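Only the coordinates and a few stated rules stand behind these numbers; no lab work does. Small disclaimer: the values here were computed from a predicted structure and weren't measured. Heads up, the Cβs are rebuilt from the backbone with ideal geometry, glycines too, and the neighbour counts pull from every protein chain shown.
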Amino acid sequence: MLKKAIVSMILLSVSCFSYAGLISADFRADSHLPDYSSQGAKTYQSLAQTIGAGTELNSGNLVANPAGWGGGVVWMDFDPLNSVLTLTSQDTWDFQTFDAWMSNIVFSEPGEFITGFSLLSNNLVTNGVQPLLSYTANSLHISYSSEPTFNFTGGQATFLVQTGFQPTAVPEPASLAIFGLALLGLGVGRRMSRR
């Protein structure tokens, strides 16, 4: 009987700490040379893409290339097991700007949101260009920019995405204990006053 109670407690505690993560998101990548054309960026986009089934954005997701740029193909892959977003360039062409977004992120647990976003490794572009990172509760943005240009390297950049949960108002155990003792005291006092 004691063994069953211990096993039940262990299973309950493990279930309380189950992994929560990202289910789906909109993925987008833009490569552009704005000094050489005002027609717009080469754009890849994948909307409401399920996360964890391989590369979420790849060559098959081209939606626009008004200036006719060659190259600028960057695959995006989010690994839900270690919360790492990987950008992998598929060529070595030159550009002035590159932007990548994950937006409209859907989380597996209610109240989950992005709390941090940081660069782990950077071998995506040349010239030592570092990306600018920004995030909201449910979106990420990565921006590379250089004058006159940078080249993609055929390499990768990786980013760590951190999430947390909205705090919920839960009474502290000590407060509940004090409240319970006060009620008990009131009950005992009433009973004694009736005698």
Open item on the list: Quick query: amide H of residue 21 versus all other amide H atoms, modeled in the peptide plane; which residues come in under 5 Å with a sequence gap of 5 or more or a different chain?
Closed with: 108, 109
Open item on the list: For the pair residue 136/residue 65, report the inter-label distance in nm, with labels modelled 7 Å from Cα in the Cβ direction.
Closed with: 3.1 nm
Task: Kirkwood-type radius of the stretch 57-111, with distances r between different C-alpha atoms, in Å - done: 13.5 Å
Open item on the list: Need one number: convex hull volume per residue for the stretch 107-151, Cα atoms only, in Å³.
Closed with: 85 Å³
- [ ] Report ³J(HN,Hα) in whole Hz for each residue of the stretch 140-151, in order, from the Karplus equation J = 6.51 cos²θ - 1.76 cosθ + 1.60 where θ = phi - 60°; Gly and Pro get x.
- [x] 10, 9, 10, 9, 10, 8, 7, 10, x, 8, 10, 10
Open item on the list: Through the Karplus equation 6.51 cos²θ - 1.76 cosθ + 1.60, θ set to phi - 60°, convert the phi angles of the stretch 152-164 into ³J(HN,Hα) values in whole Hz; use x for Gly and Pro.
Closed with: 5, 9, x, x, 10, 10, 10, 9, 9, 10, 10, 10, x
Open item on the list: Need one number: convex hull volume per residue for the stretch 60-170, Cα atoms only, in Å³.
Closed with: 121 Å³
Task: At 1.002 mPa s and 20 °C, Stokes D of the stretch 30-86 from Kirkwood alpha-carbon radius, µm² per second - done: 171 µm²/s
